[in-house]
Each structure stands twice: as structure tokens, then as C-alpha cells.
Amino acid sequence: MTDLKYISTRAAKDSAAASALGFEDVLLAGLARDGGLYVPETWPQFSADDIRAMQGLDYPALALRVMTPFVGSAIPADDLKGLIDAAYASFDAPDVLPLKKLNDGEYLLELFHGPTLAFKDVAMQILGRLFDYVLSKRGERVTIVGATSGDTGSAAIEACRDKDAIDIFMLHPVGRVSPVQEAQMTTVMADNVHNLAIEGTFDDCQDRVKDLFNDQAFRDKFHMSAVNSINWARVMAQIVYYFWAAVKLGAPDNKVAFSVPTGNFGNVFAGYAAMQMGLPVDKLIVGSNSNDILARFFASGSMEMTEVVPTVSPSMDIQISSNFERLLFDLLGRDGAACAEVLTGFRKSGKFAVTEAQLAQARKVFAGARFDDAETKAIIKTVLAETGELIDPHTAVGVGAARACKSETTAPCVILATAHPAKFPDAVEDASGQRPALPARMADLLDRPKRCQTLANNLEQLKKYIETTLG
Ligand SMILES: *Cc1c(COP(=O)(O)O)cnc(C)c1O
């Protein structure tokens with residue numbers, strides 16, 4: 001079997017194949033040189049029999065099956081198995097990702113039992129190990145630079161801490177991450193971990209990171225790489241749990257729907273990828289908070305940027321959904337030149353629209369709904385009263401979206417529970433009257449010493465800081 005290749009969402013059709021890369025290069029590069037995101041040249045296929053054969057596998061074994069065609073010969077099977085087993089041994093639940101019945105036709109898939117209590121650990125715990133493995137093999141080092149609205153950063157730091165071949169610089173918007181998220185990032189005292197609080201929004205942080213990556217000389221000098229949600233390997237790791245939940249609910253013989261609280265479109269794009277690979281998914285429901293650019297897109301076909309507003313679900317306080325580019329690429333017939341043109345225009349004007357036909361194509365798969373803070377809190381309260389389950393505000397947006405989109409699907413709906421309620425205790429208490437406690441293993445988190453540097457929203461200052469730190 002020849003290895004799967006990856007192409008950039010911005011490579012012109014006639015040159016895409018020539019510039020295609022293998023798994024290791026895509027893993028280490030993050031963003032493509034032309035500013036695009038990597039996607040598989042073709043989707044690996046799982047037949048109904050392949051999916052049936054997944055029934056009864058534990059999570060690491062299922063992950064090995066789903067990831068193997070993406071990784072190909074880059075990592076021998078035994079080594080990949082070792083990395084996956086170690087990654088999911090860091091989870092504090094016997095099932096790794098427990099699937100719980102919430103109500104008739106409604107399930108919660110708990111993605112938050114990893115080291116930082118949010119779903120990003122599912123991908124990051126394997127990503128850190130993949131990086132370390134490949135870099136050690138090559139005798140190389142990298143500098144990971146990322147932007148976070150909270151959860152990505154802590155998950156990335158946990159994944160990279162104390163790894164010999166990695167330095168990590170993580171930018172977060174000052175004052176816009178929860179105290180628990182902030183503590184999870186800044187209390188890690190490993191020498192290779194550098195926290196930067198930027199005076200700006202999450203989008204500012206993300207833009208500065210993109211600027212750094214677009215500075216070819218700087219990027220090469222420090223062997224820069226990304227682990228934020230554009231890294232293909234993160235999408236790959238997230239595809240696994242769509243198979244996991246669907247198989248538990250009777251795939252390939254029964255269809256399921258998923259409701260996904262999303263900001264960057266990374267999590268829900270993994271569901272789309274699972275569908276392209278043969279998983280029978282009836283609908284992907286996109287839940288937005290007041291930063292509802294995605295919900296508006298699926299309603300109108302028009303992507304229009306507005307100001308970011310802070311909400312009780314801060315990990316979705318985003319107006320530019322980076323991973324949407326991967327879907328756009330498909331909607332545009334995998335024409336990278338067209339994709340680049342649309343996105344360059346979007347950067348300039350803050351909007352773009354797809355055609356009626358493209359919107360119809362997107363709506364066959366996706367539906368969207370949005371919930372403001374008052375609605376989100378009401379959902380937390382209702383779910384607690386109905387089921388006894390205390391959910392976090394991101395998960396609440398997922399529950400709300402599942403319920404709002406009942407007319408879109410008759411299939412059972414799996415809601416992705418993306419954070420532990422104790423990660424957002426103020427909002428949860430405000431909504432429900434109950435203050436969720438941190439798990440015992442991190443009960444003293446907020447009292448641990450912190451380390452963090454505050455910087456202006458300024459590219460030159462940022463570059464200088466990195467240069468000085470790495471000496
Ligand atoms: C990051 C995050 C999301 C959004 O994930 P995307 O990859 O941006 O779609 C939702 N909930 C929580 C708790 C998160 O940390």
C-alpha cells in the first residue's frame with residue numbers, strides 16, 4: 001500500500017500533487033508554505049464490514065485502526081500503538097471517553113477526562129508524542145508557537161512539557177481565559193514552556209501567530225511549528241471518537257447525528273472527515289455562542305466577520321474559524337487557487353459568500369444554531385433539573401443545538417461534551433446554583449505558583465521576545 005499524501009488547501013489544482021507531502025512532514029509543518037491547511041489527497045475508506053469489526057474494541061485499539069491509514073509507513077505499527085496507549089493512559093476514566101445516555105435519543109460523549117479537563121487533550125496527548133517520536137528519530141528540534149482562547153494552550157503545554165526536542169510559546173488574550181485555564185497554563189514550570197499574555201483578543205493572538213508563520217526567515221531560523229487546531233494530526237486524532245460513539249450506537253447499521261460546540265470548526269470538521277471515510281453520520285450540528293459566524297453561514301451561505309464578544313463559553317469566542325478552510329476547499333471542488341482567492345478576499349473585506357448550490361451541498365451535512373449567554377445558562381439549569389447532569393457552558397451550547405435541530409434528523413444525537421464543568425465554575429454556579437469541584441488530582445491548582453509574560457499586541461516585540469528567550 002502506498003502512503004497517503006497531503007495537499008494544501010491553497011495549492012493550484014495542477015501543482016497540488018507535485019507539492020504533496022507525507023505524514024511526518026505535515027505533522028511537523030502545521031501550516032502549509034502557501035498559507036493553506038493540509039488535507040488528505042484522498043480519504044481512506046472504511047467499509048461497513050470494517051466498521052462492524054470495530055465493535056468491542058477499546059479506545060486505544062480503535063484509535064490505532066482509524067489513524068493507521070493516515071500515518072502509513074511513517075511509524076511502524078508497534079511504535080504507533082505504544083504512543084497511542086501512552087496518550088490515552090493519561091485519561092482519568094476507565095473507558096477513556098465515556099458515552100452516557102442523557103435522554104431519549106440524546107447522548108453525551110465525555111471528552112474531558114484528560115490532564116486539562118477539556119476535549120483538546122484527546123488530540124494533544126497523542127500529538128505531543130508524535131512530535132517527540134518523529135523529532136527524536138530525525139535528531140531535530142522545533143519551536144511550537146500557538147494561540148489559544150484557553151483550552152488549546154493548556155492542552156498543548158501539557159502535551160509538550162519536558163520534551164527535549166520542543167520549546168513551546170503559547171499566546172493567550174490577557175484576561176480572557178478562565179482562572180482555571182490560566183492556572184493550567186501558567187503553573188507549568190517546565191523550562192521549555194513559555195506563556196505569553198497578549199493585550200488583545202484571541203483573533204489578535206491567532207493573527208500574530210499567522211504573521212510569524214508567514215515570516216519565512218523567522219520560521220526557518222527557529223524551526224517553527226504549530227499544534228493549534230489547524231495541525232492535521234489533531235484533526236486525525238479527533239476523527240477517532242466519531243467512530244467510537246457511532247460504533248457504540250450501532251454503526252454501520254444505524255445512523256447517528258452529532259452536535260458539536262465549535263469555534264474554530266476543528267472538532268466538527270473531524271466529524272465531516274469521518275463521514276468522508278464511510279461512517280454513516282446523518283447530520284453534523286454546529287453549536288455557536290454569540291460569536292455565531294458559523295451558524296449564520298449555514299443559515300445564509302454568507303460568512304461575515306463581526307466583533308468578537310466575550311461569552312461564558314470562551315473557548316468558542318472566535319470570529320475566524322480557521323478549519324473552515326478545509327470544508328471550503330471541498331465546497332469549491334478542491335480548487336486550491338479558488339480557495340486562496342476567496343480567503344484573501346475575506347481577509348480584506350471581512351466577508352464572502354458561497355453559491356446557492358454550494359450552500360445546499362453544505363447543508364446536506366451541516367446545520368447550525370446559536371445560543372447567547374442567557375440561553376446557555378438556562379440550558380445548564382434545565383439539563384441539571386431533567387437529568388441530574390451538571391454540564392459546562394460549551395457542552396450546553398451543544399445540547400441546545402441538538403435540541404434546536406430536531407427537525408433536521410431523526411437519528412440519535414451524540415452531543416460532544418467538550419469540557420469538565422469545573423473548568424468554568426463561575427458560569428456553571430451562576431446557572432445552576434451548584435459549584436462544580438475540580439477532580440482531586442488538581443484540587444490545589446489555583447494555589448500553585450505561576451509564570452507568564454505580558455506583551456503588547458505587536459509582532460516585532462513578540463519576535464524579539466522569542467529570539468531573546470531562545471538565545
Ligand atoms: C476548543 C474548544 C471548543 C471548540 O473547538 P473547535 O476545535 O474550535 O471547534 C469547544 N469547547 C471547548 C471546551 C474547547 O476547549
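The values are calculated or read from the model by the stated rules, or taken from the named source; none is laboratory data. What you see is a predicted model, and the numbers here were worked out from it, not measured in a lab. We place every Cβ from the backbone using ideal geometry, glycine too, and count neighbours over all the protein chains shown. Keep in mind that these areas ignore ligands, DNA and RNA; they rest on the heavy atoms of the full protein, side chains included. Shrake-Rupley method; radii C 1.70, N 1.55, O 1.52, S 1.80 Å.
Taking only region 302-337 into account, find how many residues are free of Cβ contacts under 8 Å to residues at least 60 places away in the same chain and over 21 Å from residue 30 (Cα atoms).
10
Can you say whether residue 15 is over 22 Å from residue 83 (Cβ atoms), in a helix (DSSP H, G or I) and among the polar types (S, T, N, Q), as far as the supplied structure shows?
Answer is yes for this residue.
Is one or more of the residues making up region 96-108 within 16 Å of the ligand (Cβ to nearest atom) and either part of a helix (DSSP H, G or I) or touching a strand residue (DSSP E or B) at 6+ places or on another chain (Cβ under 7 Å) (or both)?
Among the residues of region 96-108, at least one is within 16 Å of the ligand (Cβ to nearest atom) and either part of a helix (DSSP H, G or I) or touching a strand residue (DSSP E or B) at 6+ places or on another chain (Cβ under 7 Å) (or both), which makes the answer yes.
Any residue that is over 22 Å from the mean Cα position of the chain (by Cα), crowded, with 20+ Cβ neighbours inside 10 Å, away from the ligand (no atom under 16 Å from the Cβ) and under 24 Å from residue 276 (Cβ atoms) - is there at least one of those in region 326-336?
The answer is yes; a qualifying residue exists.
Select from region 257-272 the residues that are among the aromatic types (Phe, Trp, Tyr) and open to solvent by less than 10 Å² (accessible area, probe 1.4 Å) and write down the one among them that is nearest to the ligand (Cβ to nearest atom). Let's see the steps before the verdict.
Of all residues in region 257-272, those among the aromatic types (Phe, Trp, Tyr) come to 258, 265, 269, 272.
Checking which are open to solvent by less than 10 Å² (accessible area, probe 1.4 Å) leaves us with 258, 265, 269.
Working: 258: 12, 265: 6, 269: 8 Å.
By that ranking, first place goes to 265.
Here's the yes/no breakdown for (1) under 16 Å from residue 419 (Cα atoms); (2) outside any helix (DSSP H, G or I); (3) modelled with pLDDT of 95 or more; (4) touching a strand residue (DSSP E or B) at 6+ places or on another chain (Cβ under 6 Å):
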{"site": "80", "(1), (2), (3), (4)": "no, no, yes, no"}
{"site": "94", "(1), (2), (3), (4)": "no, yes, no, no"}
{"site": "114", "(1), (2), (3), (4)": "yes, yes, yes, no"}
{"site": "126", "(1), (2), (3), (4)": "no, no, yes, no"}
{"site": "130", "(1), (2), (3), (4)": "no, no, yes, no"}
{"site": "136", "(1), (2), (3), (4)": "no, no, no, no"}
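Being open to solvent by less than 10 Å² (accessible area, probe 1.4 Å) and modelled with pLDDT under 95 narrows it down to one of 17, 87, 32, so name that one. Steps first, please.
Details: 17 fails: open to solvent by less than 10 Å² (accessible area, probe 1.4 Å); 87 fails: modelled with pLDDT under 95.
Just a single option satisfies the conditions, and that option is 32.
Would you check if there is a residue in region 225-233 being within 13 Å of the ligand (Cβ to nearest atom), part of a loop (DSSP other than H, G, I, E, B), in contact with a Pro (Cβ under 9 Å, 6 or more places away or on another chain) and of a type in the set (Ser, Thr, Tyr)? Give the steps one after another, and end with the answer.
Within region 225-233, the first condition is being within 13 Å of the ligand (Cβ to nearest atom), and the residues that meet it are 227-231.
Of the ones still in play, those that are also part of a loop (DSSP other than H, G, I, E, B) are 227-231.
Retained after the next criterion (residues that are in contact with a Pro (Cβ under 9 Å, 6 or more places away or on another chain)): none.
Within region 225-233, none of the residues are within 13 Å of the ligand (Cβ to nearest atom), part of a loop (DSSP other than H, G, I, E, B), in contact with a Pro (Cβ under 9 Å, 6 or more places away or on another chain) and of a type in the set (Ser, Thr, Tyr).
Kindly check whether there is at least one residue in region 238-256 that is crowded, with 21+ Cβ neighbours inside 10 Å, away from the ligand (no atom under 16 Å from the Cβ) and modelled with pLDDT under 95.
no
Which helices (runs of 4 or more DSSP H) does region 364-471 wholly contain that include 3 or more residues that are surrounded by fewer than 21 Cβ atoms within 10 Å (Cβ to Cβ) and not aliphatic (A, V, I, L, M)?
Those helices (runs of 4 or more DSSP H) span 373-387, 425-432, 459-470.
Residues checked against (1) touching a Pro at 6+ places or on another chain (Cβ under 6 Å); (2) touching a residue at least 60 places away in the same chain (Cβ under 8 Å); (3) crowded, with 20+ Cβ neighbours inside 10 Å:
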{"position": "114", "(1), (2), (3)": "no, no, yes"}
{"position": "142", "(1), (2), (3)": "no, yes, yes"}
{"position": "163", "(1), (2), (3)": "no, no, yes"}
{"position": "166", "(1), (2), (3)": "no, no, yes"}
{"position": "190", "(1), (2), (3)": "no, no, no"}
{"position": "208", "(1), (2), (3)": "no, yes, yes"}
